[in-house]
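This report concerns only the one structure given below.
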Amino acid sequence: MRSARLRRKVVVRMPGRVRNHEVNESVFSQIAQSLAHHYASIYLVDIDDDTYIEFSSSDRYRSLGIAPEGEDFFGEVRKNSMHLVHPDDIDLLDVVSDKAALLDHIRNDRTYSVTYRLLMDAGPTYARLTAMLSDDQRHVIIGVADVDEQMRAELAARIAERRHVTYSHIAQSLARRYATIYYVDARSGAYVEFASSGQYKQLEVPTSGEDFFAESRRNVERLIHPDDAPRVMVLMDRDTLIRRINKAGMVTDTYRLMLGGSYVYANLSVVWAEDHRH
C-alpha cells in the first residue's frame, strides 16, 4: 500500500472553500473503503510486539469465533488453523504463522497470498489471505477474502476440461474401430466423412455431399450384395432410419460389401450425435 504517494498524486480542482489536501483525503478514503469491501476480514498486526486488531469482519466470518484483537497474531493463526482450517490445507498457512517467513516473502514480493479452505457451518469454504506491509513499515495488513464461488467455478471448469480431454481420448479410441465415419445432418442430409481406412477409399464414395441418403442408396445398388441390398436400401431411407434410432437408441446392421473384388462382411452402426440433429 502506498497511501502517502497516492495522496500526493491525487489533485482535484475545487472552489477555494475546499482545500486540495482535504479533497485528496476524502477521495483516498473512498478508494480505501471500496478496496476493503473485497475482504471478509482485515487485520492490522504490529511487527514489533505481534499484537493485532481486526478492523472489519462479515457476520459469516465472525461466527468462526476468532478474537477481534489479541497479543499474539501468529500464535492465534497456529492455534486457529488446527480447528478452523481443512486438515489438508493446514500446512498452507505455515508461512502466515511464522512472522520471519511472512515478512521475508512480503519484502521480496511486496505481497504474500495463499488460498485455503475454512471449516464453516455450511461446509468447507475457500478463502484467500493476502498480506502486505503498511506504509509505516511497522505493521502487516492481513486481508481475508471469501473466494468460494470463484474457486468452485474454476475447479468445475478444470474438471470439465479434464473430462472433455478424457472423452476425446475415448472417442478417438472408439473411432478406430470403424473403417469409415460419417457426420450427417438429419434435416438437410448434408454430410462429411471424418475417417476412412485406406482400403475403404477405393470404394470411391464422396467424402462430403448434400444428400447422404440419396448417395447411400446409389452405393447400395453398386456395392452391396444383391441378397442384402433390399434390407439396406430400406434402412437408408431417412424417415425410416430416424424412426428406428428414436425407438432403439442405436441402429446396427450387418451386410456384405464388395471390396477388393470380393464380398466382405461389414457392420453399420448409427447413433444420434449429442445435438440430436446429426
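Summary table below
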{"quantity": "Net charge contributed by nearby residues that have their C-beta within less than 13 Å of residue 91 (K/R +1, D/E -1)", "calculated": "-2"}
{"quantity": "141, 106, reordered so the largest accessible area comes first (probe 1.4 Å)", "calculated": "141, 106"}
{"quantity": "Net charge of Cβ neighbours under 11 Å - reference residue 118; Lys, Arg +1; Asp, Glu -1", "calculated": "-1"}
{"quantity": "Exposure ranking of 82, 250 by accessible area [1.4 Å probe, largest first]", "calculated": "82, 250"}
{"quantity": "1.4 Å probe accessible area per residue over the stretch 41-115, in Å²", "calculated": "56"}
{"quantity": "Lys, Arg +1 and Asp, Glu -1 on Cβ, resulting dipole of the stretch 126-227 about Cα centre, debye, nearest 20", "calculated": "420"}
{"quantity": "Whole-angstrom gap from the stretch 102-129 to the stretch 39-78, using each part's C-alpha centre", "calculated": "13"}
{"quantity": "Rounded percent of accessible protein surface that carbon and sulfur make up, the stretch 130-278, 1.4 Å probe", "calculated": "53"}
{"quantity": "Amide H partners (placed H, <5 Å) of residue 120, local residues excluded", "calculated": "125"}
{"quantity": "Low-density loop positions, trypsin sites (Lys or Arg not before Pro), the stretch 47-153 - DSSP coil, at most 12 other Cβ in 10 Å", "calculated": "110, 138"}
{"quantity": "Area accessible to solvent at residue 120, 1.4 Å probe radius, in Å²", "calculated": "20"}
{"quantity": "Extreme residue, positive dipole direction of the stretch 100-222, given options 130, 189, 170 (C-beta unit charges)", "calculated": "170"}
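The values are calculated or read from the model by the stated rules, or taken from the named source; none is laboratory data. It should be emphasised that the depicted structure is a prediction, and the values quoted were computed from it without experimental measurement. Neighbour counts are summed over all protein chains in view; Cβ atoms, including those assigned to glycine, are modelled from backbone coordinates with ideal geometry. For the accessible areas, the whole protein counts, side chains as well, though only heavy atoms, and no ligand, DNA or RNA atoms are used. Shrake-Rupley method; radii C 1.70, N 1.55, O 1.52, S 1.80 Å.
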